[in-house]
1. For A57, all conditions in the list (1) in a helix (DSSP H, G or I); (2) over 15 Å from K103 (Cα atoms) hold save one; what is the number of the exception?
2. Name the single residue that is farthest from the chain's Cα centre (by Cα) among those in segment 64-75 being open to solvent by 70 Å² or more (accessible area, probe 1.4 Å) and not hydrophobic (A, V, I, L, M, F, W, C).
3. Search segment 50-63 for residues being touching a helix residue (DSSP H, G or I) at 6+ places or on another chain (Cβ under 7 Å) and open to solvent by less than 80 Å² (accessible area, probe 1.4 Å), and hand back the single one that is modelled with the lowest pLDDT.
4. If we keep just the residues of segment 90-105 that are among the polar types (S, T, N, Q) and surrounded by 10 or more Cβ atoms within 10 Å (Cβ to Cβ), which is farthest from the chain's Cα centre (by Cα)?
5. I'm trying to understand the selection: among the residues of segment 31-49, which are surrounded by 12 or more Cβ atoms within 10 Å (Cβ to Cβ), over 28 Å from the mean Cα position of the chain (by Cα) and either over 12 Å from V12 (Cβ atoms) or without any contact (Cβ under 8 Å) to a residue 12 or more places away in the chain (or both)?
6. What pairs come out if I take residues in segment 1-13 that are without any contact (Cβ under 8 Å) to a residue 60 or more places away in the chain and pair them with residues that are open to solvent by 40 Å² or more (accessible area, probe 1.4 Å) whose C-beta lies under 7 Å away, six or more apart or interchain?
7. For residues that are among the small types (G, A, S) and not in a loop (DSSP other than H, G, I, E, B), scanning just segment 1-28, find the one that is farthest from Q46 (Cα to Cα).
8. From the list I87, I78, which residue is in a loop (DSSP other than H, G, I, E, B) and either surrounded by 10 or more Cβ atoms within 10 Å (Cβ to Cβ) or of a type outside the set (A, V, I, L, M) (or both)?
Amino acid sequence: MAERRRLHHSLVHGLLDQGLSERAVARHLSWSRATVRRYARAARWQDMMKGRPQPRASILDPYKPYLERRWAETGGKITGLALLAEIRERGYRGGHTVLSVWKQGQQGPDQPAPPPAPSTVRAAVGWLTRHPAGFTLDASSAPRPARRRTTSS
C-alpha cells in the first residue's frame, strides 16, 4: 500500500507541477477530485499514511493466550475443531473462520508446501500419444507438449 501511495503522490504532484489543475488531474487519471485533492494537499507521501485506524480487536483476542498455550502443549498437532470446542467451553461465541485464520498464522512459513495436484487423465493421455520430441521439461518437471508456433496468413 505504501508503494502505491508513493507512486500516486508523485504522479499527482508531477501533473500539478506541469500546470494542470486538480480538476484536470482528476479527469486525466479518472479519479475523483477529492482523491486528487488529498494527494495534492499532502506535502509528502508519508503524510497520506497518518491517521490510519489501528486494527480492530478480534473476538478471539481474549482466548489467544489459552490457544497459544494449547498449541505449544500439543506441538501444533491439535485440530481446529478441538480448539474450537475448548474455547467454546470457556465462553467463545464466535465461529470457526477466525480460529482457522489464527491457526494458519501459527503454522508459519516453515511448513512444507503442499504436494502438487495430480495430473489429469487428459494430460496423461497426451503424454502417451504424442511424439517424445515434442516434449519439454518445465519447473514442475512434468512432461508437457511443446507449443507449436502457428503462422497467420
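The values are calculated or read from the model by the stated rules, or taken from the named source; none is laboratory data. Please read all numbers here as calculations on a predicted model, not as lab measurements. Reconstructed Cβ throughout: ideal geometry from the backbone, glycine too, with neighbour counts over all protein chains shown. These area figures cover heavy atoms from the full protein model, side chains too; ligands, DNA and RNA do not enter into them. Shrake-Rupley method; radii C 1.70, N 1.55, O 1.52, S 1.80 Å.
1. Answer for A57: the failing condition is (1).
2. From segment 64-75, those open to solvent by 70 Å² or more (accessible area, probe 1.4 Å) are 65, 68-69, 72-73; that's our starting set.
Add one more test, that the residue is not hydrophobic (A, V, I, L, M, F, W, C), and what stays is 65, 68-69, 73.
Details: P65: 27, E68: 24, R69: 28, E73: 30 Å.
If we take residues in segment 64-75 being open to solvent by 70 Å² or more (accessible area, probe 1.4 Å) and not hydrophobic (A, V, I, L, M, F, W, C), then E73 is farthest from the chain's Cα centre (by Cα).
3. Among those that are touching a helix residue (DSSP H, G or I) at 6+ places or on another chain (Cβ under 7 Å) and open to solvent by less than 80 Å² (accessible area, probe 1.4 Å), it is S58.
4. The first filter runs over segment 90-105 and keeps only residues among the polar types (S, T, N, Q), leaving 97, 100, 104.
Now restrict to residues that are surrounded by 10 or more Cβ atoms within 10 Å (Cβ to Cβ): 100, 104.
Values: S100: 16, Q104: 14 Å.
This residue is S100.
5. Selection gives R33 alone.
6. So the pair list comes out as A2/M49; R5/W45; R5/M49; R6/W45; H9/W45.
7. Keep residues of segment 1-28 that are among the small types (G, A, S), which gives 2, 10, 14, 19, 21, 24, 26.
With not in a loop (DSSP other than H, G, I, E, B) added as a condition, the list becomes 2, 10, 14, 24, 26.
Working: A2: 8, S10: 12, G14: 17, A24: 24, A26: 21 Å.
Looking at residues that are among the small types (G, A, S) and not in a loop (DSSP other than H, G, I, E, B), I get A24.
8. Numbers: I87 fails: in a loop (DSSP other than H, G, I, E, B).
Just a single option satisfies the conditions, and that option is I78.
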